[in-house]
1. Could you list, ordered by first residue, the pairs with Cβ atoms under 7 Å in which the first is in the stretch 131-149 and touching a residue at least 12 places away in the same chain (Cβ under 8 Å) and the second is of a type in the set (Lys, Arg), at least 6 apart or interchain?
2. Filter the stretch 115-148 down to residues that are within 16 Å of ligand 1 (Cβ to nearest atom) and among the hydrophobic types (A, V, I, L, M, F, W, C), then give me how many there are.
3. Being within 16 Å of ligand 2 (Cβ to nearest atom) and aliphatic (A, V, I, L, M) is the requirement here; does Val192 meet it?
4. Identify all residues within the stretch 274-293 that are without any contact (Cβ under 8 Å) to a residue 12 or more places away in the chain and either in contact with an Asp or Glu (Cβ under 7 Å, 6 or more places away or on another chain) or under 21 Å from Met338 (Cβ atoms) (or both); write none if there are none.
5. Just to verify a result, which residue in the stretch 150-175, among those that are within 16 Å of ligand 2 (Cβ to nearest atom) and assigned to a helix (DSSP H, G or I), is nearest to Asp118 (Cα to Cα)?
6. Here is a check on your reading of the model: is Ala232 more than 17 Å from the chain's Cα centre (by Cα) and within 9 Å of ligand 1 (Cβ to nearest atom)?
7. Can you tell me which residue among Arg229, Arg242 is more than 16 Å from ligand 2 (Cβ to nearest atom), in contact (Cβ under 8 Å) with a residue 60 or more places away in the chain and closer than 29 Å to Phe286 by Cα?
Amino acid sequence: MQIFTIKSIYDMVRYMNILAIETSCDETSLALLSADYNPDNHSHTITVHNHLTNSQIEIHKPYGGVFPKLAKREHAHNIIPLLVELLGDIQTDATLEIHDIKIEHLKVLLQKEPVVFDMIVEHILTLPKPDIDYICVTNGPGLEPALWVGINTAVALGYLWDIPVVPVNHMEGHILSVMAPEISESSNTFTVASDHYPVPALALLISGGHTEMVMMHSIGDYTIIGTTRDDAVGEAFDKVARIVGLPYPGGPEISKLAGLYTKSTNPYDIELPRPMMYSPDLDFSFSGLKTAVLYAVRDFKIEHPEMEHLPSEYIQALAHSFEIAVCDVLSHKVTKAMQQYNPSMFVIGGGVSANIRIRETLDTLIRENYPQCIFKKPTRALAVDNALMIGLAGYFKIHSNPDAVYTDIVAVGTLSL
Ligand code: KG4
Ligand code: ZN
């Protein structure tokens, strides 16, 4: 009798191990997960074996934002050491057979990433072949130089290990990030049952580069129904922070100071506009709000020439007014979309969805006005960029189309859903 150690095609579709790679902005993030599909009840059991993120925030801070060339350099330096850590003490029987000719081709694949090539030769060629069935990698939207590091690395590893590579849309990752609960070493498995995620679903995606409202008809089938005409909401948070002298990324800083505001004792009352709140469409505009903050601060400085710095209470009042204005605009547009599309589920995602006031405002809005609609938000850790959400989006892409082969994967900075 012959014993097959290789998984059958059926098993591959049912059970798979995925390496996920995310390098679209300033986080190098890798995840190792497995997914087990149960055809009897159409549920998916996901196990997160490891999930590591290397943030570049400290490096970009002096520039007040993400500097693409620097982001690329940092991803290239960090991705292989992070991969070695992610794989840990992998136990597999499969040895990696490396011929010189393979190394030559690897060099060609990584001609734009010489640092990654050197590190693969030094650290990966010595490891046994890991038990991975697919590599999922973000191919957009994002900063193209940064995206390319992830893509080139994924394609090189796919070639080396003979594993298919699947491109993943970063924004789809943000939508599906709501599926994962808080992950810890002792609790790293969760089940995704389709009846827990009813469609049609409305998604509000709020990040540093995007502000979008999306209708999800099914996983993989999306229509954008609203978008920002200028700045993304996260960008507005970051710019407002910069205006008042707070470091990048401004969102968490503004949020922290807004939380310190006390109406009864704070002497400042700052009125800010809510651009496009009543426009008949589902589009947004945040650049006018940012400019209003700029003018408010300029006028305050003119009125108080004796003050060397903005008083902390003034910054708290400004941060609070800004957050309230953002919450008002988001609530109005979500209400409009709820009325127009009557979705069965509402999800939020993207870095700004980590904001506590925004989470609570939208939670209350849905609970009080649309109790029949399920509201899902990502854990605060998974609201910001991470590879786990890329692994999830990649898994469902593979699951829905197991025969698809993706060749010539390219970085597309403006990739749309
Ligand atoms: O999704 P993300 O990590 O990266 C992009 O794909 O853009 O989002 C980053 C954005 C930044 O603008 C950051 O300031 C914002 O998310 N952000 C927040 C908070 N945490 C991160 N904005 C408001 N409140 C927060 N707590
Ligand atoms: Zn993002």
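1. Pro145/Lys69; Pro145/Lys72; Ala146/Lys72; Trp148/Lys112; Val149/Lys72
2. 4
3. No; evaluated as a whole, the condition is false for this residue.
4. Across the stretch 274-293, the qualifying residues are Ser279, Pro280.
5. Only one residue fits best here, namely Gly150.
6. no
7. Arg242 is the lone residue from the list that is more than 16 Å from ligand 2 (Cβ to nearest atom), in contact (Cβ under 8 Å) with a residue 60 or more places away in the chain and closer than 29 Å to Phe286 by Cα.
Matching residues to (1) under 16 Å from Pro181 (Cβ atoms); (2) more than 16 Å from ligand 2 (Cβ to nearest atom):
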position	(1), (2)
His332	no, yes
Lys376	yes, yes
Ala383	yes, no
Val410	no, yes
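The values are calculated or read from the model by the stated rules, or taken from the named source; none is laboratory data. The structure presented is a predicted model; accordingly, all values stated were derived computationally and were not measured. Virtual Cβ from ideal backbone geometry, glycine too; neighbours counted across all protein chains shown.
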